[in-house]
1. Please state which one of Met44, Met104, Met58 is assigned to a helix (DSSP H, G or I), free of Cβ contacts under 8 Å to residues at least 24 places away in the same chain and under 21 Å from Ile7 (Cβ atoms).
2. Do we have Gly90 as in a helix (DSSP H, G or I), open to solvent by less than 90 Å² (accessible area, probe 1.4 Å) and within 18 Å of Leu54 (Cα to Cα) here?
3. Applying the selection to the range 28-39, what residues are outside any loop (DSSP other than H, G, I, E, B) and either modelled with pLDDT of 90 or more or touching a Lys or Arg at 6+ places or on another chain (Cβ under 8 Å) (or both)?
4. Can you work out which of the residues in the range 78-87 that are β-branched (Val, Ile, Thr) and part of a helix (DSSP H, G or I) is nearest to Ala136 (Cα to Cα)?
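The values are calculated or read from the model by the stated rules, or taken from the named source; none is laboratory data. Just so we're clear, the structure is a prediction, and the values are computed from it rather than from any experiment. Quick reminder, even Gly has a Cβ in these numbers, built from the backbone with ideal geometry, and neighbours come from all protein chains shown. Just the protein is used for accessible areas: all its heavy atoms, side chains included, with ligands, DNA and RNA removed. Shrake-Rupley method; radii C 1.70, N 1.55, O 1.52, S 1.80 Å.
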Amino acid sequence: MMTGELILVFLIVIGIIGRASILATAASVLLILKLTNLQRYFPMLERRGLEIGLLFLMIAVLVPLINGKIQSKELWGTFLTISGICALLGGIFATYLNGQGLTMLKMEPQLMLGLVIGSIIGIVFLKGIPVGPLMAAAIAAMLMKLYQWLR
């Protein structure tokens, strides 16, 4: 087995141990594609995978708006509350940070393994919820900027 396959097997095991089924599933799919000589799809997955994942995340977030769990009058009223304003500002700040994280991952893709292992540690020891490597990369990018600023 080559290095890439070993890393995927390692990620599958870590995902199973750390109860991160999405990580284990993603690594399994990539390993299956590699072992069945379907790696020709890797460039497409690399190019469009993030967009596809974000599409499904956005769909999941928007479902309560269309199935009646949230009424339109409640929706507009939230912008007049402290929590609604904080949510708006949080969305703006998170989106900016995610852009910084994506830039960092494009420049240093080898950091992904550290982000994944850090996420697993957060799941196992801090009972965290894995929302994805992009937010982890955003926080890592912010920490790197803070480190460079303090240096």
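1. Working: Met104 fails: free of Cβ contacts under 8 Å to residues at least 24 places away in the same chain; Met58 fails: under 21 Å from Ile7 (Cβ atoms).
The unique qualifying residue is Met44.
2. The answer is yes for Gly90.
3. Passing the criteria: Ser28, Val29, Leu30, Leu31, Ile32, Leu33, Lys34, Leu35.
4. Ile85
Residues checked against (1) over 17 Å from Gly132 (Cα atoms); (2) more than 21 Å from the chain's Cα centre (by Cα); (3) of a type in the set (A, V, I, L, M, F, W, C):
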{"residue": "Leu35", "(1), (2), (3)": "yes, yes, yes"}
{"residue": "Gln39", "(1), (2), (3)": "yes, yes, no"}
{"residue": "Pro43", "(1), (2), (3)": "yes, no, no"}
{"residue": "Gly49", "(1), (2), (3)": "no, no, no"}
{"residue": "Ala60", "(1), (2), (3)": "no, no, yes"}
{"residue": "Ile66", "(1), (2), (3)": "yes, yes, yes"}
{"residue": "Lys69", "(1), (2), (3)": "yes, yes, no"}
{"residue": "Leu75", "(1), (2), (3)": "yes, yes, yes"}
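Rundown of residues vs (1) surrounded by 11 or more Cβ atoms within 10 Å (Cβ to Cβ); (2) hydrophobic (A, V, I, L, M, F, W, C), yes/no style:
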| site | (1), (2) |
| --- | --- |
| Leu33 | yes, yes |
| Ile59 | no, yes |
| Asn67 | no, no |
| Leu80 | no, yes |
| Ile85 | yes, yes |
| Met112 | yes, yes |
